[in-house]
Amino acid sequence: METVILAVVIAVVVIAAVGGLVIGSRRRRPLPPPPPATPDITAPPAEPHVGDEAETPHDEPRRTIEEVDLPGGSAPAAVAEPPAVEELPAPEIEVPEPTAGRLVRLRARLSRSQNALGKGLLTLLSREHLDEETWEEIEDTLLTADVGVQPTQELVEGLRERVKVLGTRTPDELRGLLREELLKLVGTEVDRTVRTEPEDRRPGIVMVVGVNGTGKTTTTGKLARVLVADGRTVVLGAADTFRAAAADQLQTWGERVGAYTVRGPEGGDPASVAFDAVKEGKEMGVDVVLIDTAGRLHTKTGLMDELGKVKRVVEKHAPLDEVLLVLDATTGQNGLVQARVFAEVVDITGIVLTKLDGTAKGGIVVAVQRELGVPVKLVGLGEGADDLAPFEPDAFVDALIGD
């Protein structure tokens, strides 16, 4: 047992001695030298160019593309400069045809759609025996043609008396009889002149009003042509600022006859545009200022009030000489409703009936005059630029009853 203990003690002593030698040798190993204060930095070699050796690049002479010879090709073609944009020529000023007798020249268009009324009445009046049933048919024919109840009764009563006195009725006599009675209804003593020449000042001021879809802006443009054809100078006021492109449309009409157009921003104040148009007309010394207003629905009170505002603002310059209401002749009795409402807002002085060459019934001329107490002054008989004609009762009635 003692031998084992002695061996263990000797082993421990040997291990301790060896460990001390190792630790001592580690302590005596020198530390690495400190880094220099300012190290020397060597720039990396330049990267080689494509096809060159790996060496530092050097300056080389450069050539322009014109100096380089292309293999098997010709010199680069010169690029042509784009042609200069030519200014569009000013629109050619048109010379409208004279207005005198224009309705007579357009009578054929009117008679194509109106002969039904005249021929129907002549056929009924030509019957050998005019009983009550026949007179009722005559009344129905007149009412269907939008003549109106009161004018129809007056016409029938006048025809009854004239037929009794006349006795025997030849076709020519009946035509003359009917013509006279229709002329009484239409009215031949009414002044239908579009008033544009006030005695004490210039320019004359005309405002055009109407419902959307009646052809109001187009009518304003055509009216400018009528005035120019009669030797007048015109300024147009594009006070319809709510309908897209209305001002552009009116300006195009004006440019055709050399009329200047005053316009404002889309959605702007219509009264301001109207005011500026009259002011510009005064400064330019023109004869007439035509003001196109927005085509307002007659059922919207607020918009109708604004139309009244336009009228009041314009009259700060001078009183209006004409307020023309544009009506679509094909709307019949509904057009009378529109006429009533407009007449309450502005003092209508004249009626312009458009589309009278279509499916319109000629009796609307009589009815609207009776309703408003103002005359029909102009009628539209087609889509042409010069198809707006001063209303002539004789030519109109002749077209109604035919040849």
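Observations on the model:
- Members of region 237-282 that are of a type in the set (Asp, Glu) and open to solvent by 10 Å² or more (accessible area, probe 1.4 Å): ASP248, GLU255, GLU266, ASP269, ASP276, GLU280
- Each residue in region 363-403 was checked for being within 30 Å of ILE93 (Cα to Cα) and not in a loop (DSSP other than H, G, I, E, B), and 8 pass.
- Hey, GLY167 at pLDDT below 85 and either surrounded by fewer than 17 Cβ atoms within 10 Å (Cβ to Cβ) or within 24 Å of GLY335 (Cβ to Cβ) (or both) or not: yes
- Restricting region 358-403 to residues that are crowded, with 21+ Cβ neighbours inside 10 Å, closer than 18 Å to ASN334 by Cβ and among the hydrophobic types (A, V, I, L, M, F, W, C), the residue that is modelled with the lowest pLDDT: ALA360
- Within region 168-190, being outside any helix (DSSP H, G or I) and either farther than 20 Å from GLU137 by Cα or of a type in the set (Ser, Thr, Tyr) (or both) holds for THR168, THR170, GLY187, THR188, GLU189, VAL190.
- Flag if LYS355 is closer than 28 Å to ARG232 by Cβ and at pLDDT below 90: yes
Each row is one residue, and each column tells you yes or no for (1) among the β-branched types (Val, Ile, Thr); (2) at pLDDT 90 or above; (3) under 20 Å from ALA389 (Cα atoms).
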site: GLY213; (1), (2), (3): no, no, yes
site: ARG232; (1), (2), (3): no, yes, yes
site: GLN251; (1), (2), (3): no, yes, no
site: GLU280; (1), (2), (3): no, yes, no
site: VAL286; (1), (2), (3): yes, yes, no
site: LEU297; (1), (2), (3): no, no, no
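One line per residue, one yes/no per condition, for (1) modelled with pLDDT under 90; (2) open to solvent by 10 Å² or more (accessible area, probe 1.4 Å); (3) in a helix (DSSP H, G or I):
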site: LEU130; (1), (2), (3): yes, yes, no
site: LEU143; (1), (2), (3): yes, yes, yes
site: ASP146; (1), (2), (3): yes, yes, no
site: GLN150; (1), (2), (3): no, yes, yes
site: GLU161; (1), (2), (3): yes, yes, yes
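- The numbered conditions (1) touching a helix residue (DSSP H, G or I) at 6+ places or on another chain (Cβ under 8 Å); (2) of a type outside the set (A, V, I, L, M); (3) open to solvent by 60 Å² or more (accessible area, probe 1.4 Å) are all true for ASP200 except (1).
- Screening ASP292 against (1) surrounded by 20 or more Cβ atoms within 10 Å (Cβ to Cβ); (2) among the charged types (D, E, K, R); (3) without any contact (Cβ under 8 Å) to a residue 24 or more places away in the chain leaves a single unmet condition, (3).
- Residue within region 330-350 that is open to solvent by less than 50 Å² (accessible area, probe 1.4 Å), under 17 Å from LEU236 (Cβ atoms) and in contact with a helix residue (DSSP H, G or I) (Cβ under 6 Å, 6 or more places away or on another chain) present: no
The values are calculated or read from the model by the stated rules, or taken from the named source; none is laboratory data. Treat the numbers as computed from the prediction; the structure is a model and nothing was measured. Neighbour counts are summed over all protein chains in view; Cβ atoms, including those assigned to glycine, are modelled from backbone coordinates with ideal geometry. We work out accessible area using only protein heavy atoms, side chains counted, and drop any ligands, DNA or RNA first. Shrake-Rupley method; radii C 1.70, N 1.55, O 1.52, S 1.80 Å.
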